[in-house]
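The values are calculated or read from the model by the stated rules, or taken from the named source; none is laboratory data. None of the values given here were measured: they were computed from a predicted structure. Every residue, glycine among them, receives a Cβ derived from its backbone with ideal geometry; neighbour counts consider all protein chains shown. To get the accessible areas, we keep the full protein, side chains included, count just its heavy atoms, and leave off ligands, DNA and RNA. Shrake-Rupley method; radii C 1.70, N 1.55, O 1.52, S 1.80 Å.
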Amino acid sequence: MPKNRKQVAENARSDGARATAAALRGIPASPGVVIGPAFLFGDILGEVEAKRIEPSEVETEIARLDDAVELVKKELTLDAERISSELGDSEAGIFLVHAMILEDVRFLDTIRDRIRTDLVNAESVIAAEMTHMSSVLMASDDSYLRDRSYDITDIGKRVIERMLGVWAHCPLTHPMIVVANELRASDTVSMDRGRVLGFVTEHGGREAHAAILSRALGVPAVVGVPSITGLVRSGELLIVDGSTGDVFVNPPPEMLARYSTKREEEAVAWAALAPFVEKPTSTSDGVCVKLMANISSVEEARDAAAVNVDGIGLFRTEMLFMAEGLGISEDEQYEVYRSVAEIMGTRPVTIRTLDIGGDKFVGSENPLQEHNPHLGYRSIRISLDNPELFTRQMRAILRAGLHGNVRVLWPMISCVDELRAAKTCLEDAKRALREGGVEFLEDVPIGAMIEIPSAVMVADRLAAESDFMSIGTNDLIQYTLAVDRGNVQVDHLYRPHDPAVLALIRRTVESGLAADVPVAVCGEMAGTVSYIPLLLGLGVRELSATPSRILLARRSVCETDSREAGELAERVMSAATVAEAGEILGISSPSGR
Ligand code: PEP
Ligand code: MG
């Protein structure tokens, strides 16, 4: 039995009593040490308060319970019908199993009896019963029964949510470490930044958007920690080391002292980066490198300006749509783009049009329930299919162009045809503005993201029709290696230094050089210190990284000799195996972080 499972079982066997301490290990996703209380995201079972009721209120309380149970049963039946028609009967089965649990008369009678005898609110009885049942199942040696424990907690949460009239998750009341089964990008953006100390998740990979956002927030994160949501309860003390992937639950005092010291050392190391705020970004032999920032909000543009970036290399606008909905108006978007343009002044601001789908949804779930969302309906495909949405965004960008140095970047371009179709929509947007007598930036530079291998293979033709290109290594790696960037099971195979990936980066850089079109790298590789000399050696001269990595990236560039970097790139490129490439780079973990 894996270590974490064993600990879960031990916890469960003691019938809910907590282990005093547990040492766990996941995948480091955002560096830094944080110590603080856990907040179990979506853990409504753990949040429910027990409230006393009067004997005269018992029947009303039971009626509330029965109404909520009936409502959830109906929802589950509808879910089962919908999923069955969309995906087939076997996928729908789980909803019917959930409905059957709620049909169990003995189970409901137990809850009704406890309301009568304990004289407490129904939600707290459900929470206690469900937690107990789930612990018992989790203690089983039978993996089928252990998996059912998740079903039990799911149903419990659903009934309680309906009784409380809440559908989402509890807000953070004070600074806490968010622990979740899996975080979606939309969950991450909806959280109060000032109150998130760190993230720990059971699922999700290093380059899933929630992990990228945690790096943007500059908060430590560890993903892929098995069973973490079964081991931790809200309020329990955690140590999270986002550099090593270590997570400690209820740590003993000596460990707390050790990690407090590590935190202080980190703070000293960060302070040592201060001189790099003012330094120009050039290699030790004087080659200038443009160091730009990846942002998703006006706030992050300010963070980027504070570390003197050369511009915004990637403005992920989908976060704006996630916060405001797809209906966000042209004017509302314009205000945001304009603010970022003004913050940057004459420096370029690269605004990427909507890139939803894959693991980024507007709303809580992927409405399409695709089997392969990363290969499905996402990004530019959605924009081109929805001209009103697409041109509305581009009108806002064109107008903001009058307030700074704005450029448009189109994501997930797979062929020249898509680039031309996007240009046609841009022309439509310009025409609409002209007809309305609205002023805008006529000659807005346009660029294609190179993040699909097919785009690399026609990069010369894309370069001929673009003003700039930007390599999105996060997607390029997943599509080249057939490794889902958000799937913890295959995280060890997500290796940016795979010679195949490097060959694609080099080819794109060469296509840009031949056409005199600048090529930036804006994927996470660009902000990863162990990959920066390699990228410089491959000929990359523009990097775009999250603001919290800018100073580290600048220091890395300043410490690199461009000729040595070129030799390094040659050696890595000629490696036969990924392991050999990793050895040359001195990389021990797949991420290189
Ligand atoms: C990328 O794919 O590398 C990229 C920068 O875009 P995103 O991470 O938003 O998909
Ligand atoms: Mg991408």
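In table form, for the structure just shown:
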read-out	value
Of residues in segment 337-375 being at pLDDT 85 or above, among the hydrophobic types (A, V, I, L, M, F, W, C) and open to solvent by 10 Å² or more (accessible area, probe 1.4 Å), the one farthest from ligand 2 (Cβ to nearest atom)	ILE343
Within segment 325-337, tally of residues that are more than 15 Å from GLU299 (Cβ to Cβ) and either touching a helix residue (DSSP H, G or I) at 6+ places or on another chain (Cβ under 7 Å) or within 16 Å of ligand 1 (Cβ to nearest atom) (or both)	6
Subset of segment 229-243 (residues that are over 23 Å from the mean Cα position of the chain (by Cα) and at pLDDT 85 or above)	GLU236, LEU237
Residue in segment 489-505 that is modelled with the highest pLDDT, counting only those that are touching a Leu at 6+ places or on another chain (Cβ under 8 Å) and surrounded by fewer than 18 Cβ atoms within 10 Å (Cβ to Cβ)	ALA500
When residues of segment 427-451 are limited to those that are in contact with a Ser or Thr (Cβ under 8 Å, 6 or more places away or on another chain) and either in a helix (DSSP H, G or I) or open to solvent by 20 Å² or more (accessible area, probe 1.4 Å) (or both), the one farthest from ligand 1 (Cβ to nearest atom)	ALA432
In segment 454-473, residue nearest to ligand 2 (Cβ to nearest atom) [restricted to those that are open to solvent by 30 Å² or more (accessible area, probe 1.4 Å) and either at pLDDT below 95 or assigned to a helix (DSSP H, G or I) (or both)]	SER454
Restricting segment 279-301 to residues that are at pLDDT 95 or above and charged (D, E, K, R), the residue that is least open to solvent (accessible area, probe 1.4 Å)	ASP285
Subset of segment 377-413 (residues that are within 16 Å of ligand 1 (Cβ to nearest atom), in a helix (DSSP H, G or I) and surrounded by fewer than 17 Cβ atoms within 10 Å (Cβ to Cβ))	ARG381
Identity of the residue in segment 517-537, open to solvent by 10 Å² or more (accessible area, probe 1.4 Å) and part of a loop (DSSP other than H, G, I, E, B), that ends up farthest from GLU278 (Cα to Cα)	VAL517
Close pairs (7 angstrom Cβ cut-off, 6 or more residues apart or separate chains): within 10 Å of ALA122 (Cα to Cα) in segment 59-75, outside any helix (DSSP H, G or I) and among the polar types (S, T, N, Q) anywhere	GLU61/ASN121
THR508 being polar (S, T, N, Q), open to solvent by 10 Å² or more (accessible area, probe 1.4 Å) and modelled with pLDDT of 95 or more	no
Among the candidates ARG555, ARG507, ARG495, ARG571, residue that is basic (Lys, Arg), under 24 Å from GLY26 (Cα atoms) and touching a helix residue (DSSP H, G or I) at 6+ places or on another chain (Cβ under 7 Å)	ARG495
Qualifying positions in segment 483-498 - under 25 Å from ASN181 (Cβ atoms) and either within 9 Å of ligand 2 (Cβ to nearest atom) or of a type outside the set (Ser, Thr, Tyr) (or both)	VAL483, ASP484, ARG485, GLY486, ASN487, VAL488, GLN489, VAL490, ASP491, HIS492, LEU493
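Let's see how each residue does on (1) over 18 Å from ALA68 (Cα atoms); (2) open to solvent by less than 20 Å² (accessible area, probe 1.4 Å); (3) modelled with pLDDT under 85:
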| site | (1), (2), (3) |
| --- | --- |
| LEU96 | no, no, yes |
| THR110 | no, no, no |
| LEU119 | yes, no, no |
| VAL125 | no, yes, no |
| MET130 | no, yes, yes |
| ARG148 | yes, no, yes |
| ILE155 | no, yes, yes |
